[in-house]
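**Student:** Before anything else, here's the structure in question.
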Amino acid sequence: MSHGRFDNPVVAALAGIKDFFSKQELAERLTGTDRFDGKTCIITGANSGLGFGIAVEMARRGAHVIMAGRSRIPEAGEEVKKLSGSDHVEMRYVDLSRINTIYDFVEGLKRDKIKPDVTILNAGVALPGARKTESGIEEMFLVNYLSNVILTQLMINRGVIPAKYNGSSFRPRIVFISSDSHQGSSAIDYDEFGVYEQYGVSKGISNYSYFKLVLNTYAVELSRRINKDKVNVGVNVICPGPVHTEIIKNAPRLLYLTLKSIFRIIFRSPAKAALPVVYMSVSPDYEGKTEEYLHMFRHKKMDPKCYDREEGKKLWDESFKLWKSVDPKAKMIG
Ligand SMILES: NC(=O)c1ccc[n+]([C@@H]2O[C@H](COP(=O)([O-])OP(=O)(O)OC[C@H]3O[C@@H](n4cnc5c(N)ncnc54)[C@H](OP(=O)(O)O)[C@@H]3O)[C@@H](O)[C@H]2O)c1
């Protein structure tokens with residue numbers, strides 16, 4: 001089995017903590033003049049955690065913010081309005097573990113003629129055990145990976161994200177929220193791809209990192225497919241670093257309490273962790289850029305497997321096959 005730059009996710013996590021204390025070389029590139037006035041930004045999983053922090057910062061910087069999620073509607077939106085001082089904030093329902101709601105969400109955007117300048121694919125779960133969704137697909141695989149494929153494919157296919165550069169000074173951007181722990185993951189196993197199987201806490205942790213590797217590989221392939229001769233849409237990936245959120249809310253109680261006290265002491269607030277995401281979403285430094293990776297405010301390379309062309313093509317085909325197996329309307333771009 002082939003491995004990434006690190007032997008396992010724990011080593012990758014330790015390397016991530018080292019990075020956390022290293023110089024954030026690009027932090028000063030984000031300034032008060034980086035604003036979203038006149039721009040629309042969609043953030044999935046924006047009702048809490050990192051997504052909430054991103055929503056506040058984008059609204060504060062002039063964006064029309066669409067918070068996409070399945071809970072705390074409308075309370076979270078009202079809180080974002082209050083914290084940002086902006087009224088240009090709305091919430092829309094989508095449950096990424098239920099494929100039909102992704103269709104409804106995209107149809108709603110199409111109906112309301114919303115063409116986001118920035119789409120942040122942030123929603124994610126960390127589960128201590130397998131859970132079957134109504135489609136039969138395992139929940140963490142669906143929410144953290146396949147739903148992002150479905151959402152981006154539908155948005156592009158329905159023209160919500162225009163995939164042809166029209167000469168404007170700001171090309172649409174798609175930002176995938178990932179984790180540097182993907183660097184510890186094994187190569188994609190196509191025999192087991194999307195196959196429902198039971199797992200426990202330890203396998204759940206490695207699955208979380210592995211699904212981020214799969215997600216990053218898809219992001220690079222998506223970029224190749226829509227940016228054949230020029231950059232039409234910037235497709236980039238970021239790890240926000242360790243953030244004090246409720247990502248571990250499904251962990252067994254004792255583990256939750258232990259991790260929570262660590263999170264409280266050394267992890268960054270969602271407001272602070274949102275800043276590099278905002279930088280990648282709005283800065284002129286990223287105009288016309290694609291397949292870039294940031295680890296907080298540092299340029300990095302993803303695991304080399306994420307850039308492998310054969311791997312990207314195979315993942316694309318297998319993702320389509322899997323989606324089609326649970327949804328006859330499945331259709332990939334191109
Ligand atoms: N926290 C970290 O240290 C860290 C580090 C690296 C990367 N990340 C990544 O950052 C992203 C945000 O995580 P977080 O730390 O902010 O965790 P969080 O506080 O648990 O937020 C996750 C968000 O995803 C939403 N979500 C989960 N399942 C969903 C579904 N089926 N449909 C729609 N939305 C769903 C949650 O909504 P509900 O409230 O309704 O569950 C919540 O809004 C994730 O992609 C995570 O992998 C986090």
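**Student:** Roughly how big is the chain's charge dipole about its Cα centre, with Cβ charges of +1 (Lys, Arg) and -1 (Asp, Glu), in debye to the nearest 20?
**Tutor:** On the way: 48 positive and 39 negative charges, 97 e Å.
In debye, rounded to 20, the chain gives about 460.
**Student:** Using 0.36 nm per residue of separation minus the Cα-Cα distance, give me the extension gain between K289 and A27 in nm, one decimal.
**Tutor:** Extra length from K289 to A27 when fully extended: 92.5 nm.
**Student:** Residues of the range 90-107 with the amide nitrogen closer than 14 Å to a label point 7 Å from the Cα of N250, along Cα-to-Cβ, please.
**Tutor:** Answer for the range 90-107: 96-98.
**Student:** Take the solvent-accessible surface of the protein heavy atoms, probe 1.4 Å, and return the percent of it on the range 139-292 that carbon and sulfur atoms account for.
**Tutor:** Summing carbon and sulfur atoms, their accessible area is 57 percent of the total for the range 139-292.
**Student:** When the Karplus curve 6.51 cos²θ - 1.76 cosθ + 1.60 is applied with θ = phi - 60°, which whole-Hz ³J(HN,Hα) does each residue of the range 136-145 get, with x for Gly and Pro?
**Tutor:** x, 7, 5, 5, 5, 5, 5, 5, 7, 10
**Student:** Now a separate question. When a/c is below 1.5 the answer is rounded, else prolate if a/b is larger than b/c, else oblate, so apply that to the chain with a ≥ b ≥ c taken from the square roots of the Cα gyration tensor eigenvalues.
**Tutor:** rounded
**Student:** Apply the Karplus parameterisation 6.51 cos²θ - 1.76 cosθ + 1.60, with θ equal to phi minus 60°, to every residue of the range 274-283 and state each ³J(HN,Hα) to the nearest whole Hz, in sequence, with x for glycine and proline.
**Tutor:** 5, 4, x, 5, 5, 4, 5, 7, 10, 5
**Student:** Taking only DSSP H segments of four or more residues, each worth -39500 (n - 2.57), what value at 222 nm results for the chain once the sum is divided by all its residues, to the nearest 500 deg cm²/dmol?
**Tutor:** -12500 deg cm²/dmol
**Student:** Please identify, among E291, E79, E57, the residue showing maximal mean-square fluctuation in a Gaussian network model of the chain using a 10 angstrom Cα cutoff.
**Tutor:** Highest fluctuation among the options: E79.
**Student:** Now for a different question. Does the range 176-315 come out rounded, prolate or oblate by the C-alpha gyration tensor, with a ≥ b ≥ c the root eigenvalues, rounded set by a/c under 1.5 and, if not, prolate when a/b is larger than b/c and oblate if not? Display every interim value, and only then the final one.
**Tutor:** Values: a/c = 2.82, a/b = 1.24, b/c = 2.28.
Verdict is oblate for the range 176-315.
**Student:** Which residues' amide hydrogens lie under 5 Å from the amide hydrogen of I174, considering only partners 5 or more residues apart or on another chain, with H built in the peptide plane?
**Tutor:** Sorted by chain and number, the residues that satisfy this are T119, G234, V235, N236.
**Student:** Looking at the chain as a GNM with Cα springs under 10 Å, which of V235, V125, V80 has the largest mean-square fluctuation?
**Tutor:** Result for the chain, Cα springs under 10 Å: V125 fluctuates most.
**Student:** Among 240-246, 172-178, what's the highest-first ranking by average C-beta atoms within 10 angstrom per residue?
**Tutor:** In descending order of packing, they fall as 172-178, 240-246.
**Student:** Another question, if that's okay. For the chain, what proportion of DSSP beta bridges, expressed in % and rounded to the nearest 5, is antiparallel?
**Tutor:** In the chain, DSSP labels about 10 percent of beta bridges as antiparallel.
**Student:** Run the numbers on the chain and let me know its relative contact order in percent, using alpha-carbon pairs under 8 Å that are six or more apart. It would help to have the intermediate numbers written out before the result.
**Tutor:** Details: 636 pairs, mean separation 74.6, N = 334.
Computed value for the chain: 22 percent relative contact order.
**Student:** Okay, next question. Between rounded, prolate and oblate, where does the range 248-334 land on the alpha carbon gyration tensor, with a ≥ b ≥ c its root eigenvalues, rounded for a/c under 1.5, else prolate if a/b exceeds b/c? Don't skip to the end; give the middle numbers.
**Tutor:** Working: a/c = 2.33, a/b = 1.32, b/c = 1.76.
Here the range 248-334 falls in the oblate category.
**Student:** May I ask for the distance between the Cα centers of the range 188-245 and the range 109-135, given as a whole number of Å?
**Tutor:** Cα centroid to Cα centroid, the span is 14 Å.
The values are calculated or read from the model by the stated rules, or taken from the named source; none is laboratory data. Being a predicted model, the structure only gives us computed values, none of them experimental. Cβ: placed from backbone, ideal geometry, glycine included. Neighbour counts: every protein chain shown. Please note that ligands, DNA and RNA were not included when accessible areas were found on the heavy atoms of the full protein model with its side chains. Shrake-Rupley method; radii C 1.70, N 1.55, O 1.52, S 1.80 Å.
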